[in-house]
Structures are given as structure tokens and as C-alpha cells.
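Visitor: First, the structure itself, so that you have it in front of you.
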Amino acid sequence: MVRNIVVLGGSSHPELTESICSALGIPPAKALLGKFAVGETRVEIRESVRGKDVFIVQSGGGKVNDHLMELLITISACKIASASRITAVLPMFPYSRQSEVPYNKPGAPLVRGGASQKGGFYTFDSRPQTPHVGPHDEKQLGNGDSLPQQVSKLQLTNGINGTNGTNGTNGLTNGHAKTAHFAENEKSSSEMAKNQLPVFEPQRGYRPWVAQSGKLVSDLLTAAGADHIITMDLHDAQYQGFFDIPVDNLYGRQLLRKYIEHSVPNYRQAVIVSPDAGGAKRATAIADSLGMPFALIHKERRPTQFSERQTASMMLVGDVINKTVILIDDMADTCTTVTRAANLLKREGATKVYALVTHGILSGEAIERIKSSGIDKMVVTDSIDQSEHKVLLGDKLDILPVGNVFAEAIRRVHHGESISTLFQHN
């Protein structure tokens, strides 16, 4: 029984809140969560939180924007009610995939050297170059002269004609005629220049600027009154640097490792595989702790010669012939990457494919992709509500509970104890 502590649960995952409170030996706090007729979020705290240590549990799955706004209003309500400390517990952090500067991919984009070169070479540039008209971009006119040369000749001709016929009535008549002639030539030359100048087309790798939503969410949580953040398996570890308050990023790899030890037959003969290079460190940590071999799927995006669109190709680095394969990833949203990786592993000779994911969002066509893919068993944690997914996938989906992990983290934070043991994975 933990005293002087209040655990509030949002509407995103009530079952997880119940699991955490059960492990702590306390009932969840009473609160009214709903919406007004106009659609605005309504939050009322039905018990006193004055001087207490408040933990608000709200995950990032489902209706993400509604749940985020509900969390912010709940934090603000507890702050106004004089809570001593407010900790936001987000098992799956919302907008965690929008932490980097939104310029194509991290690093230098792949751009083509010349816009008019067919099958041109490719160079690495740190930013899109300013477009300019070069010698190869000047369009030749019918008489063999380029557009700038033709405009210069036209101006020179108008200047010569303007020196004659300036005396008497004939001079005035000729002057009006030459003025009209010059205006007509100027109009035709401007239209010609408009038609001949090249149209600006952004080079490959250039993207219009979009908001850096990850930093915005961190600022919103801090401004609402949060004093501490507890989450699990952030998509990008750099996300913690956006906060000016403490952030504890728990690891779900302990749960995945235990599942491998107890549920995968002859797991030491199996192979741990990362579906992309970004998750290699996460997968190798589990492989090293269990003494298992490791393989990697390299996903490469290259532009085609006939289209500006980039196509992704996958290549396996390692041996999986006649072996059980365990795919490790932190998140599965539409499941395009993990299902393509499973199909590749089956083609390369794998006998059985497990997919172990911390956050199983499974949105869009994810369920259909999993059913029709080479995945034999999909394993996720309940950081997001999985009740609907379990009904649709049946025995193909296994769910690992994370309530005890967050309950232990909450207990240690409340008593001022170290939680470094929850970070260890060896």
C-alpha cells in the first residue's frame, strides 16, 4: 500500500490504469472524463489532490489528438488543485516519430546534378541549390539565337529607329508609330521570355517546411504543469532532450527477452533480426544478452531513372536458412516494414517468423497485412489497448503486460528511489 499518492487514468487505456493500481495496492482516483456537446474535452477531478503526488496515465494510441488534449487539461486541473508533483505516464508517447527536423531523411539528401541531363549523375548536397539558368537550360529560338541574344538585338533595333523622324508633323507621326511599335515589340518579347524561361522544379530531397511536432508536444506538456515524464521505448532517444523536466524512458526489451526464453522453442538456435538499420542497436542488445546470432535487413531507397519517386528495396545481411527468426522492433503502425521483412525472411529459407514489437498500434490495413504475411506469431505489449486487435487476430497475437513495470517505476519515483534497475537489460 503506497500512501499520499494519486493515480488518475485517462480514457485511452483504462485496463492499464487498473493493472497499475492493482500492483500498487491503491484504487484509481475518481475523475469525470467526457466531452461537451460542442466537442470540447471535459475533465473534473472528483477527489482532493492537494499536496499529493499525482500520476496521470494516458497512452498515445487510438484517438491521439483527443487523448493528448485530455491529458493536458487533466495536468492543468491537478496543477490548479495544488498537487505537489505531477507525473505524466505515457506508455506510448504521442508524436514520438516527429522528433527530427523534417527534411527528408537524416543526413544529406540524394539529388541529381542537372535537371536536363537524362540519366544524370547523383551528388550529395546538404541543402537544395538555388535554381539558375545555365547554358544548357537556354532554349534556342528558330533563327539559332538564344533568348537573351534576341532581346538584345530587339532593344538595339528600337534604339536606332528612335533617332530618325523627329522634325515637324511627320516626326510626330513617326514618333507615335515608333512608340506603338516599341510597345508591341516589348509585349511580344516579354511573352516570349515568359514562355521560354524554365519553370522552377525543386531538386530531389527538397521538402516544403512542416512543423516539428515532437518539440511542440514536449513544450505543451511542460506548459500544462507536468513535472516529470515516464514513458517506454521512445522511437528516438533524442526526444528526451526536448524537455526541461526529468524524463524516464523505460525499456520493453526485458519483457521481450523473457518471452523469447519461455515461449520460443530452442531459442538459442534461433536468429534475432532487425527489420531496419535504425533498430539494430535494440535488437543486438537482446541478442547479446541471450547469446543468440544476429542478422540485419538493410532497407535502401533509390530513385529510378524513369520517375522521381523513390522505391525501397530490402536486402538480408546474415543467414536464416532452416532457422527460426525473431524480428525485433519498437513500433508497428501500418506493419508495412515488419510484414515485408517477414516475407523476405521466408523467401530466404526461414522456417518460422516471430515479430516482437513493444508498441503495437496496428492501424490502417495492418491486420490484413499480418494475416496475409509470413508472420507466424505477432507479439506486442499492452502499452496500447489491444482488445480489438486480439479479437481480429486470435491466437496469432500474444500480448505482454507492462502494468507491473510502470507500477514499479511509479513506486520508486514516489519514494525517491533509483529506477536504474528498470533500465538494465543484461
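Visitor: Which count do you get for residues in the stretch 53-67 that are crowded, with 23+ Cβ neighbours inside 10 Å and under 22 Å from the mean Cα position of the chain (by Cα)? Give the derivation first.
Guide: Initial filter on the stretch 53-67 (crowded, with 23+ Cβ neighbours inside 10 Å): 54-60.
Still in the running and under 22 Å from the mean Cα position of the chain (by Cα): 58-60.
Of the residues in that region, 3 qualify.
Visitor: Moving on. Among the candidates E70, E18, which residue alone is under 21 Å from H359 (Cβ atoms), open to solvent by less than 30 Å² (accessible area, probe 1.4 Å) and among the charged types (D, E, K, R)?
Guide: Numbers: E18 fails: open to solvent by less than 30 Å² (accessible area, probe 1.4 Å).
Residue meeting the stated conditions: E70.
Conditions tested, residue by residue: (1) within 26 Å of H298 (Cβ to Cβ); (2) of a type in the set (F, W, Y); (3) outside the structural domain of L256 (by the TED database); (4) open to solvent by less than 60 Å² (accessible area, probe 1.4 Å).
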site: I328; (1), (2), (3), (4): yes, no, no, yes
site: T351; (1), (2), (3), (4): yes, no, no, no
site: T358; (1), (2), (3), (4): yes, no, no, yes
site: L393; (1), (2), (3), (4): no, no, yes, yes
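Visitor: Got a number for residues in the stretch 225-245 being of a type in the set (D, E), more than 20 Å from I20 (Cβ to Cβ) and at pLDDT 90 or above?
Guide: Residues meeting the conditions: 1.
Visitor: Mind counting the residues in the stretch 41-62 that are without any contact (Cβ under 8 Å) to a residue 12 or more places away in the chain and within 20 Å of V217 (Cβ to Cβ)?
Guide: 0
Visitor: Can you name every residue in the stretch 40-52 that is open to solvent by 40 Å² or more (accessible area, probe 1.4 Å) and either over 19 Å from R85 (Cα atoms) or among the aliphatic types (A, V, I, L, M) (or both)?
Guide: Correct list: E40, R42, I45.
Visitor: If only one of A237, A277 is under 23 Å from S213 (Cβ atoms) and aliphatic (A, V, I, L, M), which one is it?
Guide: It is A237.
Visitor: Taking the condition of being over 18 Å from the mean Cα position of the chain (by Cα), buried (at least 21 other Cβ atoms within 10 Å of the Cβ) and not in a strand (DSSP E or B), how many residues in the stretch 78-99 meet it? Quick ask: steps written out before the conclusion?
Guide: Taking the stretch 78-99 and keeping what is over 18 Å from the mean Cα position of the chain (by Cα), we get 78-89.
Now drop any that are not buried (at least 21 other Cβ atoms within 10 Å of the Cβ), which leaves 78, 83, 86-89.
Still in the running and not in a strand (DSSP E or B): 78, 83.
Of the residues in the stretch 78-99, 2 are over 18 Å from the mean Cα position of the chain (by Cα), buried (at least 21 other Cβ atoms within 10 Å of the Cβ) and not in a strand (DSSP E or B).
Visitor: What pairs can you find where one residue is in the stretch 1-28 and closer than 21 Å to G51 by Cβ, the other is basic (K, R), and their Cβ atoms are less than 8 Å apart, with a gap of 6+ or different chains?
Guide: V2/R411; N4/K52; I5/K52; V6/K52; L24/R411
Visitor: Can you confirm whether I56 is outside any loop (DSSP other than H, G, I, E, B), among the aliphatic types (A, V, I, L, M) and in contact with a Leu (Cβ under 9 Å, 6 or more places away or on another chain)?
Guide: Yes; evaluated as a whole, the condition is true for this residue.
The values are calculated or read from the model by the stated rules, or taken from the named source; none is laboratory data. As the structure is a prediction and not an experimental result, all values here were calculated from the model. In this analysis, Cβ positions are derived from the backbone assuming ideal geometry, glycine residues included, and neighbour counts consider all displayed protein chains. These accessible areas exclude ligands, DNA and RNA; they are computed on the full protein's heavy atoms, side chains included. Shrake-Rupley method; radii C 1.70, N 1.55, O 1.52, S 1.80 Å.
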